[in-house]
Amino acid sequence: MTKVGFIGLGVMGRPMAGHLQAAGHKLSVTKHRAPLPQELLDGGAGACASGREVAEASQAVILMVPDTPDVEEVLFGPDGVAEGLKPGKIVVDMSSISPMATRRFARRINELGCRYLDAPVSGGEVGARNATLTIMVGGPRDAFRRVKPLFELMGKNITLVGTRNGDGQTCKVANQIIVALTIEAIGEALVFAAKAGADPAKVREALMGGFAASRILEVHGERMIKRSFDPGFRIALHQKDLGLALEAARELNMSLPNTAACQDLFNLCAAKGWADRDHSALVRAIEDLAGFEIGQSPHGNR
């Protein structure tokens, strides 16, 4: 597969597309929100006027856009990807969107004689730049086999979660539940420790040697202590993902009580104007409720 379309060349899509181009694949691209990267155009990417033109020029079309309505617009809007598809082509959605909507989109693409894979990613901007993304795929096994060489240029941990469309998105939602709740737990623990008078940096160091150790404690615990909230993954995007979890829970007639509580804390962050900060800044909502910030002396509160 050498002719690849890529729509959604933002913070993550830009380096992902760059890896494909560097490996010799011929890219066709069109503007979604971010302008077309000049380095891709200089490298030979074809600039198309619409998603339809991208699909006409490509064997596989990859989407990396922000949310469910964006995917629907890119696929089925005027001059969208669906209008340029012919039987045998593959659509790969690497965005993080609703599993339920994914199944509906896949059925419409299948009706055109094409395959559909949902393949959301985890790893953030750093993973996109370093081609170390975790890629969670749902869809037909034959389509997965065809696209896997492309995935291997963008990520390291690549799993066909299930052969139903939507399984990849379901896995990504589960991932985001775990990440959000772990960030919240670490925030609670560090604020508790600091307000009790312990050194939060030393508490984190001690916990890293025990059963509470995690990659999130390592990276985001340090962010909380150092107040380093420049975004790797923005609160606004995690809000969106937990919204997908709660929406799916309603459709499944189940409760996600701690996910809902965590979403409320993200909502508080957004109300305070912190939606564009890194999701580790969730700790600021916990601090706000405690009336105490990590790094503040606890003695005035005793």
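The values are calculated or read from the model by the stated rules, or taken from the named source; none is laboratory data. All values reported here derive from a predicted model rather than from experimental measurement. Note: ideal-geometry Cβ built from the backbone for every residue, glycine included; neighbour counts use all protein chains shown.
Things to note:
- Condition met for G221 (at positive phi and either buried (at least 18 other Cβ atoms within 10 Å of the Cβ) or assigned to a loop (DSSP other than H, G, I, E, B) (or both)): no
- Residue-level analysis places A245 among those that are small (G, A, S), surrounded by 17 or more Cβ atoms within 10 Å (Cβ to Cβ) and touching a residue at least 12 places away in the same chain (Cβ under 8 Å).
- Scanning region 155-165 for residues that are surrounded by fewer than 24 Cβ atoms within 10 Å (Cβ to Cβ) and touching a Lys or Arg at 6+ places or on another chain (Cβ under 8 Å), we see that the one that is nearest to S280 (Cα to Cα) is I158.
- Verdict on A106 being farther than 30 Å from I90 by Cα, surrounded by 21 or more Cβ atoms within 10 Å (Cβ to Cβ) and over 17 Å from the mean Cα position of the chain (by Cα): no
- Flag: C171 does not match the condition of being assigned to a helix (DSSP H, G or I), in contact with an Asp or Glu (Cβ under 8 Å, 6 or more places away or on another chain), farther than 21 Å from V11 by Cβ and modelled with pLDDT of 95 or more.
- Residues that are in contact with a Leu (Cβ under 7 Å, 6 or more places away or on another chain) and among the aliphatic types (A, V, I, L, M) were ranked within region 36-51; the one that is surrounded by the fewest Cβ atoms within 10 Å (Cβ to Cβ) is A47.
- Cβ pairs under 7 Å, 6+ apart, first in region 146-173 and in contact (Cβ under 8 Å) with a residue 40 or more places away in the chain, second of a type in the set (G, A, S) and surrounded by fewer than 17 Cβ atoms within 10 Å (Cβ to Cβ): L153/A23
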